[in-house]
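A short write-up of the structure that comes next.
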Amino acid sequence: MFLVQLIPGAISEMLASVTETGCLTLADRYGLMAAVLDDSLDDEYRHSINRLLRSVIKGRVIPRTGFS
């Protein structure tokens, strides 16, 4: 079993970065995976993640293959 742990403050940094660039990097997606797998995540962060994923679905945020 893999242990996935979210870095404190990672969600806020990721949201700020995606808002500025309009792109979701591979590192951001790994961060999202860790956040989704974290059962102790606050509702505020869950809503932020859902908002970000809806932006990807609607095409406002573009997933990129690079790490930066």
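The values are calculated or read from the model by the stated rules, or taken from the named source; none is laboratory data. Remember, predicted model here, so these are calculated numbers, not experimental data. Quick note on the areas: whole protein, heavy atoms, side chains included, nothing else; ligands and nucleic acids left out. Shrake-Rupley method; radii C 1.70, N 1.55, O 1.52, S 1.80 Å.
Rolling a 1.4 Å probe across the protein heavy atoms gives the chain an accessible surface of 76 Å² per residue. Protein heavy-atom surface of the chain, 1.4 angstrom probe: 57% of the accessible area is carbon and sulfur, with nucleic acids and ligands not counted.
Only one of (i) 1.70; (ii) 1.15; (iii) 0.95 was calculated from the structure for Rg/Rh (Cα atoms, Kirkwood Rh), and its label is (iii). Per-residue 3J(HN,Hα) values for segment 49-60, derived from phi via the Karplus relation 6.51 cos²θ - 1.76 cosθ + 1.60 with θ = phi - 60°, read 5, 4, 4, 5, 5, 5, 5, 5, 4, 7, x, 7 Hz in sequence order (x marks Gly and Pro).
Amide H to amide H distances under 5 Å link residue 64 with 24, 25, 26, where only residues 5 or more positions off or on other chains count and H is placed in the peptide plane.
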